[in-house]
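**Student:** Quick one: the structure is below, questions incoming.
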Amino acid sequence: MAQVGHRVDYLAGFCCPVGGLVAGKPRVLCHENEIYLSNGSEFVYVYDQEGKVLKAVYRCPDQVWHVELLPQPRQLYILCAHSGIYCVSLDQQSRLMEQTDGDGQESNCPSSVFPVDSDACIFPDSSLCMFTLLNNFVITLSQAHGKWWMKLHELPHPEQESPPYRQVSEVGFCPGPQPGDEEDSPPSRFLPVLCCASSPGTVGSGEGLWCSGGFVLEEPLFSLLFGIDAAMLESPMILCGFPDGQLCSVPLKALSSSTAVDGCHDVSNPDPPVKILHHLEEPIVFIGALRTERRAAEDAEDEQLFGDTGCDCVVAVGHYGKMVAVKADQREEATVPELREYYLRGPILCAACSSSSRMYYSTHSDISAVDLDWVGDSSDPEDAESCTGVLPPVLSPASLSICSVVALSLSSRASEGESELLALSAKGRLMTCGLCSPEDTDVGLTPAEAGRRIKELLSGIGNTSERVSFLKKAVDQKNRALASLNQVMNVSAALLSSQEGQKPIACTVTANWSCLLLQDTVTISCLLENCSEYSLEEGWTLCVQLLASPCALEEESVDSATTFTFPIDQLLPGNKRELTLPLGSAADTKLDLPLTISCALYYSLRDILGSGSDSSEALDDLLPDDSPILSPDREGICLPLSECTIDMLQCLRFESSPPGPDASPPAAAPPAPPDPVETFLKVSQEQTEPEGVKASELPHTSGEGNPPPSAASIRVSSELLKNALKTSGSDVSLSCATLRWLLAENAGAEALSSREVASVRGAAPDGGEVQLLVREVAMNDLSPAGPIQAVEILMESPSLADMCRMHHAVIRRIQVRSERAPGSGPPDLRMQYLRQIQANHEMLLKEAQTLRDRPPLGEEGDATAEKLLHVYRQLRNPSLVLL
Amino acid sequence: HCPSRCRPGPEACGPGSTGPWGTSVYWAAAPVYRSQFLVGLAVVTGLPAALPTLPLELTVLYNSLLFTVGASDSVIEGEAEGIRQGLLRVLEACGAGGQDLSTEELWQKVLQDVTAGELQAPLHQLGALQAAWWLAASRLGSTAGLFRLLSHAEDPGRACCREGENELLSLLKAWQVPAEEASLPLVQSTEDLKEILCTAAAFLQGLQELEAGNFATALSLFQEAAGGFCSKRVLAQIYTCLGCCAQQMGKPQTALQHLKRALQVDFQCLPALSHAAEVYHELGETNAELEALALLYEALGKKLPAAASSSPYFLIRTELLVDTPILASLLRHRHPSEVKYLLAQRCLQYGRVADAVEHYLDFLALFQEGLQQQVPLDDSSALPRIPEVFLETASALEQAGRHQDAITVCEEVISRTTDLIPRMLQVEERLEQPECPSSGAGLVGGLLPQKKESLRYLAWRAAGYLHQGWAWAKLGESKEAITQFSRCMCLSVAENLLPEVEVIQKIRLLSLIGRGMQFLDLGRHKEALLDFLHGLQISPGDPAAASYLVQALWKLNRKQEAAAHWQKFSQSPPGEDGQQEGQGRSFPLYLVSCLKQAMFPHSESLARSIQDYLATTSWDPSSKPSQSPCTGLAQGL
């Protein structure tokens, strides 16, 4: 493919947002010597190419989505986001400007910015997405009621005082399954593309037809694509390219307006005039037409006589690089439209068609030209035979080396013999690119030409530097992303390879009481320790998930998990970081102990692209295809670290001075409440909150003073405990050792280690009081060999729930410990007695079961609840001993 | 928006105060006050629901909903969330809840449980609004259920309807409108609303019955609706529906009466005019039909200014409640182009050739007028395919003697289709199977429609040549005519049951006859004979081809064979002849003139001469080779 010669001139710079212009909305139009430009902001600029000055700036009420020019009378039609189409008369404005410039002041910048106010709004319709002009008609496309609506309006004739903008007709249609149902607002990123195709015979197609981007399609392609009826009606066709990739055609003369009275639309009538030509399956960004076959000499004369007979190939380009070309294939016995899909390197920001067979398209990194003239191009006869179509089997893009252009247009001065491409770069620069044909060669330079040449070179340097900076930025970003990926892989490998042993990155969880905002709260501190040789860099997040375990008090409790995330800025090898999170204060939150806490490290892959680039444009940059791996749902790496359980024993809080060894049982002498208000609150709290126990199971003790404390006990044989705790050598009593063991994980219980204590009183996280008493007892009846020494752990609390949690915690510990303890053979037992106890228990269990199965009612219910409670109490105080 | 979330602002009125809307607001200037109403509603509902304030609150709700409808001025859609909220407030005030109930259940609960006397009037008002919403959604059952509740609550046992009367209507009529309280004015009185509901309910049910085909019931319901309270426009619509109903019942005169009434009430009810034309067509009153169509065309051309509605302006109107697809299709506006075409087509059918030509040319001129003139191509359009319109035009022109013009029009069809016709088209017997091995890779709509379309192109082009042939023949240019006729025959089509293929076969037959006639005129009798024979092969028993065959044989002086054929064809049952006629009618309009031209004109004189011949030769029919004279002839040639 021949390199396309070109020359780039910078014309002007326009303001652009920080991230650069985004393709889709910016637009460059050219008519005669004037360039009309919108850069996606609320401004529309008029630039004089001849005088190289900015002639006027219009400020619209909202972001400009689309601009069209009506040359006769000179009017600009501007579509603003969510508000409608505004019409600005350029003649009027230039007169205005002459008046203001009357004092002869010559300046390069326009005297002022003209505001486009709401008076100029000719189609106030917030659902408008796109429009195009065809002579004195406006064709609008809007989205409402889950459908696309195409409407045809007639513009008023300048000399006529007819009612303005009469709606001639409209048609509603839904191409495909949905026109953007997932979002209520019209898709903001991609707008539909409209384009007008007319048949060569259409009235006025010669002189007065004005439709920017429109084209004349020659026969038989027109009939083949749109049907013979449209062709014989000589109806112009509107081609619509939708963001979902559908390419539709609508005959403008047969917009079905089966509009009955009241403007209600006949929905039962499907959209017959609308024809789906193709589905590109990606947002369509451009529709155009090309003349691929050069005419013979005599045809060329005809052309001069009758004007251009039109294009013979329609192209549509999708954002991700898919392109479709349609051309009539008349070689075989059947005349059929040949349709060929091509894959260009995307994402394609914008495109333009030349008057010949060349199409230009812009990506982030380059403008490329592709030539669809294949028959003329293939000099190799074998090639021509091997092919089966009239379109080239592959396209070979030729680079123009102009990067990140967001709007392209072919200058209408191109008709003077030299093609010129108008381009608006992402940085807001307007430039022209002369496209001399490949066969043009340089001859001797005159001084003037040399000067021009130097200017070209200079602007070429400017262009190159912009390109270099863009590419450099892209490379830097990719390097950063690779480095991040590398360290993520290292960390992941380190963690995953040490599955069994100690993990190199560990997270230890402890529960503490602390004073937050004048309230005492149970907090959980997570100590993240990095013992690996890699540092945790920015982007990692520590996720701590609190899960009220399903074995909690409520049977039907759903797993309610709360996840806290802590971003880790940097954690070097060997460093630690402690993070604290409150579990809820004593006053307000109900704490469902025991809690299962899982810690995990998470790395978001999206962050690899750098914190600044949250748009998917950046993703496009990195990955040309819209790869499904990076869909926003599953986009990170998660490494589990540890899981532990926090229970009541860890959360108990003790008074600053631990109770003495001779403390009497709390049931006999409850501590005097410090404040009557507090007492009231406590009591009412106990009344209103069933604390996880079913309401029906609670005894109705309201208003009768303090309820009797609930109690539970566990007996463990001293032998077992001694073995398990290995206290045989120490001088502390067994009960004290047991207590210390039970409270070993409680940070507040350090005071216990200094003294010989067998009983503690503490506060549960919700403020309830809990008493823990350990004493040695002798079990006489159990063994024929004599009394068995045992340790009895007695738990008491006025709150049933607290007591239950405590019981649960203690049992869990004993379970764990006795599993680990080496058995020394159980002593001789009196089986008869054991059986008796077991039988008792089974009976109690059965009773409890029947009581629970039968839903209690009314008065009886209270009694049942009372009974059930009693049974449970008995069950919690077994005369059994763990041996 | 959920007004109950709003907190009372500093300007909030205390409970029990009537507020500014109580006295100053009336129904005028709706949009201005609407927002105030919504604010007022928000203020009131920000407070906990309480029985003393509920009447005020419900009245504000009623008024604000009316304004919302009036301001949007479009068909009511969806569920009235505001009414639901209001009902929930009532339940809240009574200490009950019902969040998870459907609106129907909610109404039931409210009307059964809430007994407070001061709440009855506002609840009934709200009920009328709810009925409006449900009617607009065509939920007649829910509406009837609601009114059953409303009347039962008032006077159980009274609402039982008489035999044969519509339940919903009798319930609606039996419902006693609560008296309006002076302190709580309504923007549209419940009395008016009831009237509108009655009209809408009758109209809606009438439309449903019409759709279901119960014309008698529909008729009585429409009559009920016509007696109700509605604007002139709606009244005209109801009369139009009455007309359609009567037409379907086979009472064209009554239908005309109703349609005339519709036009008297509102001349802009143009659908009535087009229905009237249809009725005239059914009655065979050609003049009246054409007059109606011409009037319709004229009326459509004039942009009549929207007549100011003389009926009082209401916020809720019947037209906002009745909007169903069937009504839309009954009241479908014809495009001027459609009416023009209908005029042309009817004239051609009735043989008013001069008028037909004029209308067809007018219609074709519409194409040139630009985008203002829309030419509907959708399924419900009266227009056939555009090439057929051209062919009909050519047919009309030809009959009017404008042969050159006819040739030009046909040329357009031929040139448009030529490029599109494949040089070879294989039409398999079982076209349903999509995996035809043909080359035409389906671009749009798959292979089968593409092939059918190609067949149509073929038929149109052939018809174009056929007309040209006849036109040249009329101009005396036999050579040209023979060329054109011959062009129709370059296609050989196998026997096929597709209608498109049948049309092509008919065109071949007609062109063979046409060419044979030219040969006869030129004295090339043998060639003519061959053509007529081919024609008979395509369509055995075709009377025209058979007669011409006899004539050709006669002219070739093979009189014996001619007589044998003549006897055979004249003995063939006349029913077949009629059947031929019947088939002829099913062929496209553009072929009718050609069919006529292909008729054998001298059948009587031919019959006489053959009979004379038979009498003179005393030829014995039993001695002739009994079967297949055709094959013998074909072999001979």
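The values are calculated or read from the model by the stated rules, or taken from the named source; none is laboratory data. Note that this is a predicted model, so its numbers are computed, not measured. All Cβ positions, glycine included, derive from the backbone under ideal geometry; neighbour counts span all protein chains shown.
**Student:** Of all residues in segment B:565-593 being at pLDDT 80 or above and assigned to a helix (DSSP H, G or I), which is surrounded by the most Cβ atoms within 10 Å (Cβ to Cβ)? Walk me through how you get there before you give the answer.
**Tutor:** Restricting attention to segment B:565-593, the residues satisfying the condition of being at pLDDT 80 or above are B:588-593.
Still in the list and also assigned to a helix (DSSP H, G or I): B:589-593.
On the way: B:Leu589: 17, B:Tyr590: 28, B:Leu591: 22, B:Val592: 18, B:Ser593: 23.
By that ranking, first place goes to B:Tyr590.
**Student:** Just to verify a result, which residue in segment A:813-842, among those that are over 51 Å from the mean Cα position of the chain (by Cα) and among the hydrophobic types (A, V, I, L, M, F, W, C), is modelled with the highest pLDDT? Step through it out loud before you land on a result.
**Tutor:** Within segment A:813-842, the subset over 51 Å from the mean Cα position of the chain (by Cα) is A:821-842.
With the extra rule that they be among the hydrophobic types (A, V, I, L, M, F, W, C), the set shrinks to A:821, A:829, A:831, A:834, A:837, A:839.
On the way: A:Ala821: 52, A:Leu829: 61, A:Met831: 70, A:Leu834: 71, A:Ile837: 75, A:Ala839: 80.
Going through the qualifying residues, I end up with A:Ala839.
**Student:** Considering each residue of segment A:317-359, count those that are over 40 Å from the mean Cα position of the chain (by Cα), more than 9 Å from every other protein chain (Cβ to nearest Cβ) and over 18 Å from A:Ala197 (Cα atoms), and give that number.
**Tutor:** Residues that pass the stated criteria total 2.
**Student:** I need a count of the residues in segment A:454-487 that are of a type in the set (Asp, Glu) and touching a Cys at 6+ places or on another chain (Cβ under 9 Å).
**Tutor:** Initial filter on segment A:454-487 (of a type in the set (Asp, Glu)): A:456, A:466, A:476.
Those left that are additionally touching a Cys at 6+ places or on another chain (Cβ under 9 Å): A:466.
Going through segment A:454-487 one residue at a time, the tally reaches 1.
**Student:** Here is a further query. Going residue by residue through segment B:474-481, is there one that turns out to be within 41 Å of the chain's Cα centre (by Cα), at pLDDT below 80 and part of a helix (DSSP H, G or I)?
**Tutor:** For segment B:474-481, residues within 41 Å of the chain's Cα centre (by Cα), at pLDDT below 80 and part of a helix (DSSP H, G or I): absent.
**Student:** Then there's this: Hey, among the residues in segment A:109-128 that are in contact with a His (Cβ under 9 Å, 6 or more places away or on another chain) and in a strand (DSSP E or B), which one's surrounded by the most Cβ atoms within 10 Å (Cβ to Cβ)?
**Tutor:** Here is the first cut: in segment A:109-128, the residues in contact with a His (Cβ under 9 Å, 6 or more places away or on another chain) are A:122-123, A:126-128.
Those left that are additionally in a strand (DSSP E or B): A:122-123, A:128.
Working: A:Ile122: 17, A:Phe123: 20, A:Leu128: 25.
So the residue we want is A:Leu128.
**Student:** Among the numbered criteria (1) in contact with a helix residue (DSSP H, G or I) (Cβ under 7 Å, 6 or more places away or on another chain); (2) among the acidic types (Asp, Glu); (3) surrounded by fewer than 24 Cβ atoms within 10 Å (Cβ to Cβ), which one does B:Glu358 miss?
**Tutor:** (1)
**Student:** Checking A:Lys52 against (1) over 15 Å from A:Phe114 (Cα atoms); (2) out of contact with any strand residue (DSSP E or B) (no Cβ under 6 Å at 6 or more places or on another chain); (3) crowded, with 18+ Cβ neighbours inside 10 Å, which test does it fail?
**Tutor:** Against the list (1) over 15 Å from A:Phe114 (Cα atoms); (2) out of contact with any strand residue (DSSP E or B) (no Cβ under 6 Å at 6 or more places or on another chain); (3) crowded, with 18+ Cβ neighbours inside 10 Å, A:Lys52 comes up short only on (3).
**Student:** Could you give every pair whose Cβ atoms fall below 7 Å, whose first residue belongs to segment A:464-489 and is closer than 24 Å to A:Ile637 by Cα and basic (Lys, Arg), and whose second residue is modelled with pLDDT under 85 and surrounded by 13 or more Cβ atoms within 10 Å (Cβ to Cβ), counting only separations of at least 6 or pairs across chains?
**Tutor:** Final answer for the pair search is A:Lys478/A:Leu622; A:Arg480/A:Gly610.
**Student:** Between a residue in segment A:70-84 that is under 13 Å from A:Gln143 (Cα atoms) and any residue that is at pLDDT below 85, which pairs come within a Cβ distance under 6 Å, given they are 6 or more apart or on different chains?
**Tutor:** So the pair list comes out as A:His82/A:Ser126; A:Gly84/A:Cys121; A:Gly84/A:Phe123; A:Gly84/A:Pro124; A:Gly84/A:Asp125.
**Student:** Can I ask one more? Does segment B:515-530 include one or more residues that are in a helix (DSSP H, G or I), at pLDDT 80 or above and within 16 Å of B:Ala463 (Cβ to Cβ)?
**Tutor:** Taking every residue of segment B:515-530 in turn, at least one turns out to be in a helix (DSSP H, G or I), at pLDDT 80 or above and within 16 Å of B:Ala463 (Cβ to Cβ).
**Student:** Here's a check for you: in segment B:345-387, which residue that is among the charged types (D, E, K, R) and facing chain A (nearest Cβ under 7 Å) is farthest from A:Lys275 (Cα to Cα)?
**Tutor:** Looking only at segment B:345-387, we keep the residues that are among the charged types (D, E, K, R), and these are B:346, B:352, B:355, B:358, B:362, B:369, B:378-379, B:385.
Filter again for facing chain A (nearest Cβ under 7 Å), leaving B:378-379, B:385.
Values: B:Asp378: 12, B:Asp379: 14, B:Arg385: 16 Å.
Result: B:Arg385.
**Student:** Next question, about the same structure. Considering only residues that are farther than 25 Å from A:Leu410 by Cα and in a helix (DSSP H, G or I), look in segment A:429-469 and name the one that is modelled with the lowest pLDDT.
**Tutor:** This residue is A:Pro447.
**Student:** Looking only at segment A:10-26, which residues are of a type outside the set (A, V, I, L, M) and part of a loop (DSSP other than H, G, I, E, B)?
**Tutor:** The first filter runs over segment A:10-26 and keeps only residues of a type outside the set (A, V, I, L, M), leaving A:10, A:13-17, A:19-20, A:24-26.
Hits for segment A:10-26 are A:Phe14, A:Cys15, A:Cys16, A:Pro17, A:Gly19, A:Gly20, A:Gly24, A:Lys25, A:Pro26.
**Student:** Then there is this: State all residues of segment B:508-545 that are surrounded by fewer than 19 Cβ atoms within 10 Å (Cβ to Cβ) and of a type in the set (D, E, K, R); if no residue qualifies, say none.
**Tutor:** B:Asp521, B:Arg524, B:Lys526, B:Glu527
Matching residues to (1) under 29 Å from the mean Cα position of the chain (by Cα); (2) in contact (Cβ under 8 Å) with a residue 40 or more places away in the chain:
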residue	(1), (2)
A:Val18	yes, no
A:Leu21	yes, yes
A:Gly24	yes, yes
A:Leu29	no, yes
A:Leu37	no, yes
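**Student:** Run A:Gln178 past the list (1) at pLDDT 55 or above; (2) more than 12 Å from chain B (Cβ to nearest Cβ) and report the number of the one that doesn't hold.
**Tutor:** The failed condition is (1).
**Student:** Looking only at segment B:313-362, which residues are hydroxyl-bearing (Ser, Thr, Tyr) and modelled with pLDDT of 85 or more? Let's see the steps before the verdict.
**Tutor:** Here is the first cut: in segment B:313-362, the ones hydroxyl-bearing (Ser, Thr, Tyr) are B:313, B:318, B:324, B:329, B:337, B:341, B:350, B:360.
Within segment B:313-362, B:Ser337, B:Tyr341, B:Tyr350, B:Tyr360 meet the criteria.
**Student:** Return the pair list, or none, for Cβ contacts closer than 6 Å from residues in segment A:119-142 that are closer than 14 Å to A:Val64 by Cα and away from chain B (no Cβ under 13 Å) to residues that are modelled with pLDDT under 85 and part of a loop (DSSP other than H, G, I, E, B), at least 6 apart or on different chains.
**Tutor:** From residues that are closer than 14 Å to A:Val64 by Cα and away from chain B (no Cβ under 13 Å), the pairs are A:Ser126/A:His82; A:Cys129/A:Pro186.
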